[in-house]
Amino acid sequence: MIDFKITRDPQTGEEIWAVPLRGPLLLNHPLFNKGTAFPEQERRELGLLGLLPPHVDTLEIQVERAYEAFRSKPTDLERHIYLRALQDENEVLFYRLIQDYIEETMPVVYTPTVGEACQLFSHIYRHPRGLFVAYPEREHIDELLANTPQRHVDVIVVTDGERILGLGDQGAGGMGIPIGKLALYTLCGGIHPARTLPVLLDVGTDNPDLLNDPLYMGWRHPRVRGAEYDAFVERFVQAVMRRYPNLLLQWEDFAQAHAGPLLERYRDRLCTFNDDIQGTAAVATGTVLAAVEAVGTRLRDQVVAVFGAGSAGCGIAEQLCAAMVGEGLSETEARSRFFLIDRTGLLREGFSGLPPFQRAFVQPSSALASWRLDRPDHIGLADVVSHAKPTILIGVSGVAGAFTETIVKTMADLTPRPIILPLSNPTSRCEALPAQILAWTEGRALVATGSPFADVVWSGRRFPVSQCNNSYVFPGLGLGILAVGARRVTQGMFMAAARALADTSPAPTLPDAPLLPPLTASRSVSHCIALAVAKEAIAAGVAAPASDTEVERLVHERMWTPAYARLTGC
Ligand code: NAD
């Protein structure tokens with residue numbers, strides 16, 4: 001662990017970092033390294049003379065050079081490998097590059113390319129980053145945490161790699177996800193990169209391809225399950241709470257069987273949330289609120305079909321349902337508007353063995369009495385679309401092509417402005433392509449997707465397609481939580497985030513505008529969300545009281561900008 005002291009120049013206010021490293025060791029530290037931008041005086045003082053070419057670059061010139069290198073790579077995977085290497089070499093340059101070229105770089109740092117990077121993790125591995133907590137080391141988790149380079153950690157993103165995007169069990173390769181998510185915390189939310197820690201809980205893998213791959217880097221063992229798994233996660237959480245009592249812990253890409261139970265177990269014990277359930281719900285709710293406003297209707301008047309009743313699907317349905325109740329519907333009325341379809345068909349009365357999170361959305365038999373069905377034992381999406389007449393269709397199943405032409409055209413026959421969100425990732429799992437949806441609905445649909453897509457041109461009109469990505473919400477949520485030191489993450493904070501996101505949408509005022517602001521506005525969106533979340537945390541009594549002005553100052557102060565600090569020796 002490397003300790004360094006930060007002071008400020010009393011005249012200019014510039015940050016001065018007193019660092020204990022010199023020469024090659026300094027150049028090898030990604031947080032301190034400025035590469036060719038080390039000024040003459042620092043080169044002299046810190047033993048760097050001769051180790052760098054003589055010309056001193058600005059950060060802007062370095063960005064230009066790095067962008068040229070990024071563009072020269074032949075594939076997105078190669079671009080991902082390049083950016084990861086840059087992150088491990090010079091964090092300021094990495095963040096400034098991805099900030100300046102966010103639309104090109106974000107899909108490479110995160111979805112969809114990160115999926116491929118997780119699948120090939122053991123083949124493209126170059127440099128250590130993050131903490132691997134492997135099951136055989138379960139007695140020593142405190143020691144593992146003490147080995148990390150960070151002295152202070154504000155945010156941990158943790159996965160066990162079992163359900164990576166829509167790609168299933170990627171074992172230790174799942175580490176790509178916490179690394180990518182935390183990069184977005186910094187890029188969009190301004191969380192200082194030195195205060196973030198990606199964690200992979202390695203409990204083995206049941207993926208035979210990985211177990212048979214001689215290059216696989218994880219623990220070669222079938223997944224630990226049941227009581228042993230629970231006890232291991234408990235040990236991890238306790239060790240984290242001992243070392244960082246005020247930390248924000250984000251659960252990411254756990255399989256459905258663990259995601260909900262882990263959230264329930266820990267949500268009242270520390271400041272924690274599950275992004276697949278709650279973050280997804282907030283971004284989807286914000287997107288739907290924006291779409292409903294753009295169409296000129298109210299959320300309470302909608303009928304919602306959700307294809308894929310897993311962590312994301314049920315989380316989205318719960319939050320939309322709560323928002324409908326907020327608009328005056330009773331809970332029973334609101335729930336009657338949701339039709340959730342899973343592998344076994346529509347969730348309905350008479351199904352036994354459903355987990356509690358699905359049971360809450362079971363449709364009563366009486367509501368289906370008039371439906372004319374070919375196969376009453378399996379009510380599929382097509383049946384739901386023609387009988388329930390949904391105005392909103394959300395896909396979170398990981399089943400590519402599930403929104404067929406017939407289904408989308410039937411929906412468009414029954415509702416003037418269908419709201420269709422195929423959210424499954426990566427791109428190869430998308431339920432329907434935006435170009436198909438807009439063609440099948442003759443440009444009437446409002447579309448947002450899970451993965452990024454280029455603008456669609458249909459009949460001479462251009463439709464930019466928003467990526468309804470959790471990155472619109474979690475960085476701002478985290479920023480708001482850290483700014484006011486919230487002790488818990490409440491449902492109200494997710495609703496505040498969703499409403500703040502909807503407020504930033506250009507769609508209600510501009511025809512054919514995307515449902516969400518462009519990625520280039522990510523920092524300002526995160527700022528708005530952080531303010532709303534921080535104020536809600538205070539109102540809910542999970543953060544110390546502060547005036548609105550004070551909240552604004554706290555949020556502003558927390559936002560790190562990628563720029564070089566002045567370095568001195570110590
Ligand atoms: P999950 O495994 O918890 O849920 C997926 C559900 O789909 C399961 O319940 C499964 O039984 C169901 N399913 C699978 N095949 C089906 C079929 N043929 N018919 C009906 N249902 C079927 O996973 P999750 O966390 O809910 O994520 C699901 C998908 O949503 C993934 O592709 C993920 O990448 C995506 N997602 C997108 C966003 C976003 O864009 N903001 C956020 C979270 C998840």
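The rows are residues; the columns are (1) part of a loop (DSSP other than H, G, I, E, B); (2) buried (at least 17 other Cβ atoms within 10 Å of the Cβ); (3) touching a Cys at 6+ places or on another chain (Cβ under 6 Å); (4) at pLDDT 95 or above.
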position: ILE2; (1), (2), (3), (4): yes, no, no, no
position: LEU51; (1), (2), (3), (4): yes, no, no, yes
position: GLU64; (1), (2), (3), (4): no, no, no, yes
position: ALA69; (1), (2), (3), (4): no, no, no, yes
position: ARG84; (1), (2), (3), (4): no, yes, no, yes
position: LEU93; (1), (2), (3), (4): no, yes, no, yes
position: GLU103; (1), (2), (3), (4): no, no, no, no
Which residue pairs have Cβ atoms closer than 7 Å, lie 6 or more positions apart in sequence or on different chains, and pair a first residue in region 361-372 that is more than 16 Å from ALA317 (Cβ to Cβ) with a second residue that is modelled with pLDDT of 95 or more and part of a helix (DSSP H, G or I)?
-> TRP371/ASP383; TRP371/HIS387
Of those in region 288-309 that are more than 24 Å from PRO475 (Cβ to Cβ) and not hydrophobic (A, V, I, L, M, F, W, C), the residue nearest to the ligand (Cβ to nearest atom) is GLY308
Do you know which of the residues in region 425-451 that are over 23 Å from ASP503 (Cβ atoms) and within 11 Å of the ligand (Cβ to nearest atom) is surrounded by the fewest Cβ atoms within 10 Å (Cβ to Cβ)?
-> SER428
Of the residues VAL133, VAL92, VAL114, VAL108, which is touching a strand residue (DSSP E or B) at 6+ places or on another chain (Cβ under 7 Å) and under 22 Å from PRO198 (Cα atoms)?
-> VAL133
Please work out which one of (1) farther than 24 Å from GLY310 by Cβ; (2) more than 16 Å from the ligand (Cβ to nearest atom) is the condition MET495 fails and give its number.
-> (1)
All positions within region 260-275 that are surrounded by fewer than 24 Cβ atoms within 10 Å (Cβ to Cβ) and in a helix (DSSP H, G or I) | GLY260, PRO261, LEU262, LEU263, GLU264, ARG265, TYR266
Give the residues of region 452-470 that are outside any loop (DSSP other than H, G, I, E, B) and more than 15 Å from the ligand (Cβ to nearest atom), sorted by residue number.
-> VAL456, VAL457, TRP458, ARG461, ARG462, PHE463
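Show me the helices (runs of 4 or more DSSP H) found entirely inside region 106-196 where at least 2 residues are more than 15 Å from the chain's Cα centre (by Cα).
On the way: elements: 113-119, 121-124, 141-146, 176-189.
Here the list reads 113-119, 121-124, 141-146.
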Given LEU93, LEU83, LEU31, which one is of a type in the set (A, V, I, L, M, F, W, C) and farther than 30 Å from SER466 by Cα?
-> LEU31
Might you check whether a residue that is within 16 Å of the ligand (Cβ to nearest atom) and either in contact with a strand residue (DSSP E or B) (Cβ under 7 Å, 6 or more places away or on another chain) or of a type in the set (Ser, Thr, Tyr) (or both) occurs anywhere in region 329-337?
-> no
Restricting attention to region 405-420, does a residue exist that is within 16 Å of the ligand (Cβ to nearest atom), within 21 Å of the chain's Cα centre (by Cα) and either surrounded by fewer than 24 Cβ atoms within 10 Å (Cβ to Cβ) or closer than 24 Å to CYS314 by Cα (or both)?
-> yes
Taking region 154-178, which residues are surrounded by fewer than 23 Cβ atoms within 10 Å (Cβ to Cβ) and at pLDDT 95 or above?
-> ASP154, ASP169
Filtered residues of region 494-526 (kept if more than 16 Å from the chain's Cα centre (by Cα), assigned to a helix (DSSP H, G or I) and not hydroxyl-bearing (Ser, Thr, Tyr)) = MET495, ALA496, ARG499, ALA500, ALA502, ASP503, ALA521
Quick one: which of VAL114, VAL56, VAL108, VAL133 is of a type outside the set (Gly, Ala, Ser) and within 16 Å of the ligand (Cβ to nearest atom)?
-> VAL114
Per-region count, region 318-327, residues over 19 Å from LEU515 (Cβ atoms) and within 16 Å of the ligand (Cβ to nearest atom) = 1
Conditions (1) within 16 Å of the ligand (Cβ to nearest atom); (2) β-branched (Val, Ile, Thr); (3) in contact with a strand residue (DSSP E or B) (Cβ under 9 Å, 6 or more places away or on another chain) -> VAL473 fails only (3)
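Go over the candidates ALA259, ALA317, ALA323 one by one and state the one that is closer than 30 Å to LEU248 by Cα and either under 17 Å from the mean Cα position of the chain (by Cα) or at pLDDT below 95 (or both).
Details: ALA317 fails: either under 17 Å from the mean Cα position of the chain (by Cα) or at pLDDT below 95 (or both); ALA323 fails: either under 17 Å from the mean Cα position of the chain (by Cα) or at pLDDT below 95 (or both).
Checking each option against the conditions leaves just ALA259.
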Output yes when any residue across region 268-287 is at positive phi and either more than 10 Å from the ligand (Cβ to nearest atom) or touching an Asp or Glu at 6+ places or on another chain (Cβ under 7 Å) (or both), and no when none is.
-> no
Taking interchain pairs and intrachain pairs at least six residues apart, which have beta carbon atoms under 6 angstrom, with the first residue in region 385-399 and in contact (Cβ under 8 Å) with a residue 24 or more places away in the chain and the second near the ligand (Cβ under 8 Å from one of its atoms) and assigned to a helix (DSSP H, G or I)?
-> VAL396/ALA312; VAL396/GLY313; GLY398/ARG429
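What do you reckon, is LEU477 touching a helix residue (DSSP H, G or I) at 6+ places or on another chain (Cβ under 9 Å) and under 30 Å from PRO245 (Cβ atoms)? Steps first, please.
Details: touching a helix residue (DSSP H, G or I) at 6+ places or on another chain (Cβ under 9 Å): yes; under 30 Å from PRO245 (Cβ atoms): yes.
The answer is yes for LEU477.
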Out of the residues in region 240-259 that are assigned to a loop (DSSP other than H, G, I, E, B) and more than 24 Å from VAL396 (Cβ to Cβ), which is farthest from the ligand (Cβ to nearest atom)?
-> PRO245
Of all residues in region 194-214, count the ones that are touching an Asp or Glu at 6+ places or on another chain (Cβ under 8 Å), touching a residue at least 40 places away in the same chain (Cβ under 8 Å), buried (at least 21 other Cβ atoms within 10 Å of the Cβ) and of a type outside the set (Val, Ile, Thr).
-> 4
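The values are calculated or read from the model by the stated rules, or taken from the named source; none is laboratory data. Treat the numbers as computed from the prediction; the structure is a model and nothing was measured. As a convention, Cβ positions derive from the backbone with ideal geometry for all residues, glycine included, and neighbour counts pool all protein chains shown.
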